[in-house]
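Undergrad: After the structure tokens below, expect a handful of questions from me.
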Amino acid sequence: MICYLVILLSSICTFPNWRGKVDEATTFTVAEQQIPTVSQEPIKSLGRWYDSSMKDTRRGAETLELASESLLAINKCGLQGKFKIWCLQFMLIPKLRWPLLVYDICSSTVEAIEAKINKYTRKWLGVPPGLSGVAMY
């Protein structure tokens, strides 16, 4: 039982929070093993990461980077445009929805992601640049 507890403690982080700031002075130990704080190892709970900064700005930048890298990867594959749109609709958009739902990401970051998706969608469909967004959707 003690061995199982030690293994379990290595995967758990503590979150000592005092008035909105991480308290570095508080340490917890069980069976002479120190439990790491959130500043040492981030915590993932219900799909959301918590780190010592307690802010979502980093997650917004990570989501934008994920969207950019994924769109570039879809663009580089040798599929036809309509199949690239299928990959976008059924693979990338659901992957981006969870971080947008869980984290408080500013609207300018979301608009930047939308602009990138719109740019690649126009390219893959082969529509003229003057076509309005209303006609596309």
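Undergrad: If we keep just the residues of segment 89-107 that are exposed (fewer than 14 other Cβ atoms within 10 Å of the Cβ) and either of a type outside the set (A, V, I, L, M, F, W, C) or not assigned by TED's automatic domain parsing to the domain that holds A61 (or both), which is farthest from A61 (Cα to Cα)?
TA: Q89
Per-residue answers, yes or no, for (1) modelled with pLDDT of 80 or more; (2) touching a strand residue (DSSP E or B) at 6+ places or on another chain (Cβ under 8 Å); (3) under 27 Å from E111 (Cα atoms):
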site	(1), (2), (3)
C3	no, no, no
L8	no, no, no
T14	no, yes, no
K21	no, no, no
F28	no, yes, no
M54	no, yes, yes
G60	yes, no, yes
T63	yes, no, yes
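Undergrad: Looking for something surrounded by 13 or more Cβ atoms within 10 Å (Cβ to Cβ), within 20 Å of M136 (Cα to Cα) and not polar (S, T, N, Q) - is there at least one such residue anywhere in segment 50-71?
TA: Yes, segment 50-71 has at least one match.
Undergrad: When you scan segment 96-120, how many residues do you find that are in contact with a helix residue (DSSP H, G or I) (Cβ under 9 Å, 6 or more places away or on another chain) and either closer than 16 Å to M136 by Cβ or of a type in the set (F, W, Y) (or both)?
TA: Here the count works out to 6.
Undergrad: Please identify the pairs in which a residue from segment 74-95 that is within 24 Å of L64 (Cβ to Cβ) has its Cβ atom under 6 Å from the Cβ atom of a residue that is surrounded by fewer than 14 Cβ atoms within 10 Å (Cβ to Cβ) and not polar (S, T, N, Q), counting only partners at least 6 apart or on another chain.
TA: Once the first residue is within 24 Å of L64 (Cβ to Cβ) and sits in segment 74-95, its partners that are surrounded by fewer than 14 Cβ atoms within 10 Å (Cβ to Cβ) and not polar (S, T, N, Q) give G81/L125.
Undergrad: Identify all residues within segment 102-137 that are assigned to a loop (DSSP other than H, G, I, E, B) and within 21 Å of the chain's Cα centre (by Cα); write none if there are none.
TA: Those that are assigned to a loop (DSSP other than H, G, I, E, B) and within 21 Å of the chain's Cα centre (by Cα): Y103, D104, I105, C106.
Undergrad: Does I93 count as closer than 18 Å to Y137 by Cα and of a type in the set (A, V, I, L, M, F, W, C)?
TA: yes
Undergrad: Restrict the check to segment 70-77 and report whether at least one residue is modelled with pLDDT of 95 or more and small (G, A, S).
TA: Yes.
The values are calculated or read from the model by the stated rules, or taken from the named source; none is laboratory data. What you see is a predicted model, and the numbers here were worked out from it, not measured in a lab. Cβ atoms come from the backbone with ideal geometry, glycine included; neighbour counts cover every protein chain shown.
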